[in-house]
Amino acid sequence: MSNLFEGRNKRESAVDIVVNNIKQLLMDRKLKPGDRLPSELEISEGLCVSRGSVREAMKILAAFGLIDIRVGNGTYVCESIGNGMMDSFLFSFFLSNPDVENLFELRRFFEIDIMELIDKHYLENEEERIALRKNLEDLENMIKDGSSPKKLAKNDIEFHQLLGKATHNILIERIYNFIMDFMEASIIATHKHQHGEVVYKIHKDVVNVIENRDIARIPEVVTNSVVTWSVLQDPSEKVEISVS
């Protein structure tokens, strides 16, 4: 299998050569989920690098969640998106230090598409739609019981996770969950500045649009939701929302 590999680029380190070749094989679909990688010796000889460099490269790829090293049984391409891959994506996102305006645009762009996909898969996502309604009922009860901001925020995040799941698209679901993970602190802050009533009205509107298949109102409802979130980052701002 050594003929899978391309020649080495002298400007790269030996470890980078291995990492980049494996990534290229994955992108070219020459290696697919579940495939067993060539042995350490085959990779070493195919790329003219030391076996130590191959081992270091495998550790990096495993940390990214791309491969699964099974002691005594070889190394395999992961069959699903690993947490390591999303964690590294999350870390790079943190380093970019996006401001509220960047996040506003990202959420609005992404959530409009999510709502449209939910409608597209309406006949298949009944279970998720029922769960969204249950989440909304739970939030209403939590508000009445005076639940803590932390519990309200947990309910809020679960609501968005259900939206991602209702798209029936695993890639979009994972990316959206990643976005929500990044925004968890700001969501908790949102619930410290009001006791859930504003979020309840927003989520109720979202659920109604989904259940009524009111596609024309998706941009309005999503914009209203994201504007409310951005305003609530500043507790001195007065929140005014329109819910039909």
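Some points to look at:
- For the stretch 126-173, the set of residues classified as among the basic types (Lys, Arg), under 19 Å from Ser186 (Cβ atoms) and at pLDDT 90 or above consists of Lys151, Lys154, listed by residue number.
- Filtered residues of the stretch 172-188 (kept if among the charged types (D, E, K, R) and under 8 Å from the mean Cα position of the chain (by Cα)): Glu173, Arg174, Asp181
- Number of positions in the stretch 175-187 that are crowded, with 17+ Cβ neighbours inside 10 Å and either more than 12 Å from Phe110 (Cβ to Cβ) or acidic (Asp, Glu) (or both): 1
- Long-range neighbours under 8 Å by Cβ, at least six apart or interchain, first residue among the small types (Gly, Ala, Ser) within the stretch 19-38, second at pLDDT 90 or above: Gly34/Tyr76; Gly34/Val77
- Qualifying positions in the stretch 123-148 - buried (at least 18 other Cβ atoms within 10 Å of the Cβ) and more than 12 Å from Val207 (Cβ to Cβ): Asn125, Met142, Ser147
- Note on the stretch 114-130: residues that are free of Cβ contacts under 8 Å to residues at least 40 places away in the same chain and closer than 20 Å to Ile175 by Cβ amount to 2.
- Some residue of the stretch 113-132 being assigned by TED's automatic domain parsing to the domain that holds Val199 and over 24 Å from Asp214 (Cα atoms): no
- Pairs with Cβ under 7 Å, 6+ apart, first in the stretch 152-167 and surrounded by fewer than 23 Cβ atoms within 10 Å (Cβ to Cβ), second modelled with pLDDT of 95 or more and outside any helix (DSSP H, G or I): Thr167/His121
- Residue in the stretch 166-184 that is under 15 Å from Trp229 (Cα atoms) and in contact with a Lys or Arg (Cβ under 9 Å, 6 or more places away or on another chain) present: yes
- Across the stretch 34-41, not a single residue is classified as small (Gly, Ala, Ser) and buried (at least 20 other Cβ atoms within 10 Å of the Cβ).
The values are calculated or read from the model by the stated rules, or taken from the named source; none is laboratory data. Not measured: the values here are computed from a predicted model. A quick note on method: Cβ atoms are made from the backbone with ideal geometry, for glycine too, and the neighbour counts reach across all protein chains shown.
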